[in-house]
1. Restricting attention to the stretch 31-61, and to residues there that are closer than 29 Å to Thr91 by Cβ and among the charged types (D, E, K, R), which single residue is surrounded by the fewest Cβ atoms within 10 Å (Cβ to Cβ)?
2. Tell me, which residue of the stretch 5-20 that is touching a residue at least 12 places away in the same chain (Cβ under 8 Å) and either part of a helix (DSSP H, G or I) or β-branched (Val, Ile, Thr) (or both) is surrounded by the most Cβ atoms within 10 Å (Cβ to Cβ)?
3. Checking the conditions here, which among Ala38, Ala33, Ala42, Ala62 is small (Gly, Ala, Ser) and over 22 Å from Arg117 (Cα atoms)?
Amino acid sequence: MDAAQLRETCLSFPGTYEDFPFGPEASVFKVRAPGGTAKMFALSDLGSPSLSISLKCEPDLAEQLRSAHPEITGAWHMNKTHWNGVDCTGTLPDDMLRDMIEDSYDLVVETLPRKDRESLGWSRLARGSNA
């Protein structure tokens, strides 16, 4: 997946936008319901030749993914219990990367107040979760 595809995927979910609170090289992808608080679900230097992205992940799944894929590590400068760093230049399939981005988005959205989730049209069941 290249930088343009990564940006497009991150911006494809309801209520998402790109922000640059850490400087022009660090794209921070956030979700916010109208009038709600913005929360980060992805972080990437899209201009880097070694493209990677930091994504939120459930702790047990994060460990499993890191064990199975050398492209996935604890995210640099993030809480490694909850954030994975994913090398996008390796052999991970694009579908898997898209799923990890969607999972990160879902983990953040499910922490929003109910009215914000509803205004985004988000439903855990609509996303295919077992929960």
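1. Asp60
2. Cys10
3. Details: Ala38 fails: over 22 Å from Arg117 (Cα atoms); Ala33 fails: over 22 Å from Arg117 (Cα atoms); Ala42 fails: over 22 Å from Arg117 (Cα atoms).
Checking each option against the conditions leaves just Ala62.
Read-outs: derived from the displayed coordinates by stated rules, not from any lab. What you see is a predicted model, and the numbers here were worked out from it, not measured in a lab. A quick note on method: Cβ atoms are made from the backbone with ideal geometry, for glycine too, and the neighbour counts reach across all protein chains shown.
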